[in-house]
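The values are calculated or read from the model by the stated rules, or taken from the named source; none is laboratory data. Note that the coordinates shown come from a computational prediction; the quantities given were computed from them, not determined experimentally. Please note: Cβ atoms are built from the backbone with ideal geometry, for glycine as well, and neighbour counts cover all protein chains shown. Please note that ligands, DNA and RNA were not included when accessible areas were found on the heavy atoms of the full protein model with its side chains. Shrake-Rupley method; radii C 1.70, N 1.55, O 1.52, S 1.80 Å.
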Amino acid sequence: MGYGGSCFPKDVQALVHQMKALGIDPLLLAGVEAANIRQKKAFAQRVLHALKGVTDPVVAVWGLAFKSDTDDIREAPALDIINTLVEAGVTVKTFDPQAMDNVRKYLGTKAAKVQFCQSVDETTKGADAVALITEWNEFITQDWHQVAALMRGKHVFDGRNCLASGKVAAAGLHYHAVGRPDVRPGQGKQGTMGVVSAG
């Protein structure tokens, strides 16, 4: 769904600039940079499409940091995705084990438009969709039947392709990954789909 952090985005931009300064057309690297921006927008638009027709939509955003096990939000995809959702009139609830204070500071007065929660359950309660943005272990190992019971809607967007589609779908939820077919409730494989076992 896009990369973030302090190094990779900056390094790609620097290489593009350097190549242009040398008179070289940076087609590949400029394409990488454009694709990264496009992926974040496309992810948010897929969530919005699933919410079409829903009155007062609510999205639970799981994760804010650009990767797990850090509070670093530099160039984090979650920031762009949350902004797009809020601008579309969606109520955004979010939880991240480490990065919430940094996001509050980053958003400033806009932070009032986001509900910062104290747990996954609090974030998920009443949500029409879950958007997993950061691959924290506590998100990957959720009891999907419990998640489904907390939600108002039935859509899970796996921005890191780290969930087992079959476990999500077996709980009666629609599973949406990046670059993979959507999986309807009751379909999918019970094994892992991403890089981390879903328990």
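Observations on the structure shown:
- Taken together, the criteria place Gln142 among residues that are surrounded by 19 or more Cβ atoms within 10 Å (Cβ to Cβ) and more than 17 Å from Ala78 (Cβ to Cβ).
- Filter result for Ala88 (closer than 16 Å to Lys40 by Cβ, at pLDDT 95 or above and out of contact with any Gly (no Cβ under 9 Å at 6 or more places or on another chain)): yes
- Tally, over the stretch 44-54, of residues that are within 20 Å of Arg160 (Cβ to Cβ) and either under 12 Å from the mean Cα position of the chain (by Cα) or loosely packed, with under 15 Cβ neighbours inside 10 Å (or both): 5
- Every pair of residues 6+ apart whose Cβ atoms lie under 9 Å, when the first sits in the stretch 135-158 and is at positive phi while the second is open to solvent by 50 Å² or more (accessible area, probe 1.4 Å) and at pLDDT 95 or above: none
- Checking Ala112, Ala14, Ala34 one by one, the residue that is out of contact with any Pro (no Cβ under 9 Å at 6 or more places or on another chain), modelled with pLDDT under 95, surrounded by fewer than 17 Cβ atoms within 10 Å (Cβ to Cβ) and under 19 Å from Gly179 (Cα atoms) is Ala34 and no other.
- Only one of Gly166, Gly199, Gly186, Gly172 that is at pLDDT below 95 and either under 29 Å from Arg74 (Cβ atoms) or touching a helix residue (DSSP H, G or I) at 6+ places or on another chain (Cβ under 7 Å) (or both): Gly186
- Test for Asp71: is it of a type in the set (Asp, Glu), at pLDDT 95 or above, out of contact with any strand residue (DSSP E or B) (no Cβ under 7 Å at 6 or more places or on another chain) and on the phi < 0 side of the Ramachandran plot: yes
- Qualifying position, being touching a helix residue (DSSP H, G or I) at 6+ places or on another chain (Cβ under 9 Å), basic (Lys, Arg) and surrounded by 18 or more Cβ atoms within 10 Å (Cβ to Cβ), among Lys41, Lys93: Lys93
- Unique match (being open to solvent by 50 Å² or more (accessible area, probe 1.4 Å) and on the phi > 0 side of the Ramachandran plot) among Gly23, Gly63: Gly23
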